[in-house]
Amino acid sequence: MKLYNIKEHNEQVSFAHAIKQGIGRQQGLFFPMALPEFTLIEIEALLKMDFISRSARILSAYIGDELPLARVFKCVAAAFEFLAPVVSISDDIATLELFHGPTLSFKDFGSRFMAQMLIEMGQEHPVTILTATSGDTGAAVAHAFYGLENVYIVILYPQRKISPLQEKLFCTLGGNIHTVAVDGDFDACQLLVKQAFDDKELKQILGLNSANSINISRLLAQICYYFEAMAQLPPRARNQLVISVPSGNFGNLTAGLMAKSLGLPVKRFIAATNANDTVPRFLRDGQWRPNTTIATMSNAMDVSQPNNWPRVEELCRCKNWQLNTLAYGCIDDATTVETIQEMAALGYISEPHAAIAYRLLRDQLQPSEFGLFLGTAHPAKFKELVESVLGQNLQLPQVLAARAALSLLSHRMPAQFSSLRELLLALPH
Ligand SMILES: *Cc1c(COP(=O)(O)O)cnc(C)c1O
């Protein structure tokens, strides 16, 4: 697979290169030169396959020229060791539960596949993976890379702006995993990461790589579960399917659109955000005006400068899709609470991120359409909040219960690049 830098089209790289480098010159994102497409017959055949075999085929359509199918299969089987079940909510709405991996969020899919690819593509030199998290990326990346040789992980997160259990999940590992609580918001963390990548000397010394959703391997992995959803849904959902995606950095939505560009028969996507509504406002009036990031209860979506958005625009340009075919909406905290309660009355315990996607879906779904929203995190990750909203106790899954008892190992740091630089150079590398 050849990819180009969206900002500098003459920077062209292989998949092996893109996955190691993460991001291109001028912080441009890498984007596939060719967008593969399956025929209708191929799609039907794919939907009959099991998750692992099908996912290997889908990924091979992109990276088959660099890695034979059998090796892709092996990596996928190692990365996707857990299920992604579709669960019915009402007659015409279901959810795709993406939180059955080791860190209970959809980010396990992308992070674990990326770790597999880095090993498989021959990572000879030590590498430091520097990433910012608004909550769930950190955990997924930390667990995917924990204990691997020659890989150091540094994760920045906004202090006190992620849930206590989210923090426990990845800041208690130690070993090759270093976590840093930054005195600032998620956008400040993302900026620090960008500054580190701009620092040529630092990049060289540490062999810096990013595991953010900007890494193309993570996006490719996420395409696979959109096909899995379609395979599990009743046939009447084909062509009538509306998928609502709870969005922050817009990696998940990009992957969904890439699934559609491969030929998956999705009628429409809904870009669902919380009060950090840069994209919904942009889709409404064409003006890109990020506001200051607001802290909400759906903290993993507290992003006002979504870093994958240029890929959405690029994909639409390549496919001749109008941006205004994307549906959108934003939901505030009060409505999120109301919706979690409404869902509980339907017999489904949810959490703030998925609830936002559900709410917009149930508001916008037309007769004869079928709705699917992505369940991006396990409700127990937001235990305190969900318990207070519903007035009932939640059982902690085993992985969380075990971590909750351990103490935090994080460094603390002001949101200043000089502090980050100092910290990075002091780590083993
Ligand atoms: C990361 C995350 C999101 C946002 O996904 P993007 O791909 O960044 O848009 C939504 N929900 C949860 C629970 C997350 O962890």
Notebook entry, point to check: In angstroms, what radius of gyration and Dmax does the stretch 368-429 have, counting Cα atoms only?
Noted result: 19.3, 59
Notebook entry, point to check: Can you give the Rg and Dmax of the stretch 1-43 based on its C-alpha atoms, in angstrom?
Noted result: 12.5, 41
Margin query: How large is the translational diffusion coefficient of the stretch 335-408 in µm² per second when you combine the Kirkwood radius over alpha carbon pairs with Stokes-Einstein at 10 °C and 1.306 mPa s?
Written below: 118
Note to self: For the stretch 38-82, take the convex hull of the Cα atoms, compute a quarter of its surface area, and give me that in nm², please.
What the structure shows: 3.1
Margin query: Using a Cα-Cα cut-off of under 17 Å, which aspartates and glutamates could be cross-linked to K2, ignoring same-chain neighbours fewer than 8 residues away?
Written below: E11, E37, D65, E66, E314
Item checked: Whole-number Å³ per residue for the convex hull built on Cα positions in the stretch 1-158 -> 156
Notebook entry, point to check: Near the amide H of Y152, under 5 Å away, which other amide H atoms are found, from residues 5 or more places off or on another chain, if H is placed in the peptide plane?
Noted result: V127, T128, I129
Notebook entry, point to check: Taking Rh as the Kirkwood radius, which is the inverse of the mean 1/r over Cα pairs, what is the Rg/Rh value for the stretch 55-119?
Noted result: 1.08
Notebook entry, point to check: Given labels modelled 7 Å from the Cα in the Cβ direction, how far is it in nm from K200 to K7?
Noted result: 1.6
Next item on the list: Bin all alpha-carbon pair distances of the stretch 224-269 at 5 Å intervals from 0 and give each bin's fraction as a whole percent.
Entry: 5, 23, 36, 24, 9, 2, 0
Checklist line | Label-point gap, in nm, between A404 and W321 - each point 7 angstrom along Cα→Cβ | finding: 4.0
Checklist line | For the stretch 204-287, convex hull of alpha carbons as volume per residue, Å³ | finding: 137
Note to self: When only alpha-carbon atoms are used, what values of Rg and Dmax, in angstrom, describe the stretch 308-361?
What the structure shows: 15.2, 43
Next item on the list: Sum -39500 (n - 2.57) across every DSSP H segment of at least 4 residues in the chain, then divide by the residue count to get the 222 nm mean residue ellipticity, nearest 500.
Entry: -13000 deg cm²/dmol
Item checked: Extension gain, A426 back to R160 (0.36 nm per residue minus Cα-Cα distance, nm) -> 93.3 nm
Check: Which whole-number percent of Cα pairs in the chain have a distance greater than 33 Å?
Finding: 28
Next item on the list: Could you give me the percent of Cα pairs per 10 Å distance bin for the stretch 160-227, shortest bin first, beginning at zero and ending with the bin that holds the maximum distance?
Entry: 15, 35, 40, 10, 0
Next item on the list: Any of K20/K383; K267/K319; K74/K168; K74/K107; K107/K381; K203/K319 with alpha carbons more than 25 Å apart? Name them for me.
Entry: K20/K383; K74/K168; K203/K319
Check: Between I119 and S88, what is the spin-label point distance in nm, taking each point 7 Å from the Cα along the Cα→C-beta axis?
Finding: 4.0
Note to self: Please arrange C318, C189, C330 by how many other C-beta atoms lie within 10 Å of their C-beta, fewest to most.
What the structure shows: C318, C330, C189
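Each reported figure results from applying straightforward, stated rules to the coordinates on display, with no laboratory input. No experiment lies behind these values; they were computed from the predicted model shown. When we count neighbours, we look across all protein chains shown, and the Cβ atoms used for this are built from the backbone with ideal geometry, even at glycine.
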